[in-house]
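What follows draws every value from the coordinates through simple rules; no lab data is involved. Note that the structure is a prediction, hence the values are computed from the model and not measured. Because the Cβ atoms are built from the backbone with ideal geometry, glycine has one as well, and the counts that use them run over all protein chains shown.
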Amino acid sequence: MLGLLFAAAAGATGYVFGTKAGRERYDQIVAKTNELVGDENMAKMRSAGQTVGDKTREIFSEENREKVRFATQSAADKARQFVDDAKAKKRAQA
């Protein structure tokens, strides 16, 4: 019985210290996050990231996708022709 009481007291003590340490760590994380959100360098990085995202969307716009499709199809056609020519040449040599 005394062992059970001791285990319960130890568990309660551990819980109290654990939650206090957890809350302190949470408060540290929140403070650091708030510090970074207000930081000028972070604002510049967010702005640069937004610019990169905007440019990426521009590059992959529908008009440009059509150009890429055309260029890809053209390259694939040339590659097929090259392979076909090589096969024909090999057959002619055999």
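Just one of the listed residues (56, 72) is under 22 Å from the mean Cα position of the chain (by Cα) and of a type in the set (Ser, Thr, Tyr), namely 56.
Residue by residue, here is whether (1) surrounded by 10 or more Cβ atoms within 10 Å (Cβ to Cβ); (2) hydrophobic (A, V, I, L, M, F, W, C); (3) free of Cβ contacts under 8 Å to residues at least 40 places away in the same chain holds:
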{"position": "34", "(1), (2), (3)": "yes, no, yes"}
{"position": "40", "(1), (2), (3)": "no, no, yes"}
{"position": "46", "(1), (2), (3)": "yes, no, yes"}
{"position": "68", "(1), (2), (3)": "yes, yes, yes"}
{"position": "72", "(1), (2), (3)": "yes, no, yes"}
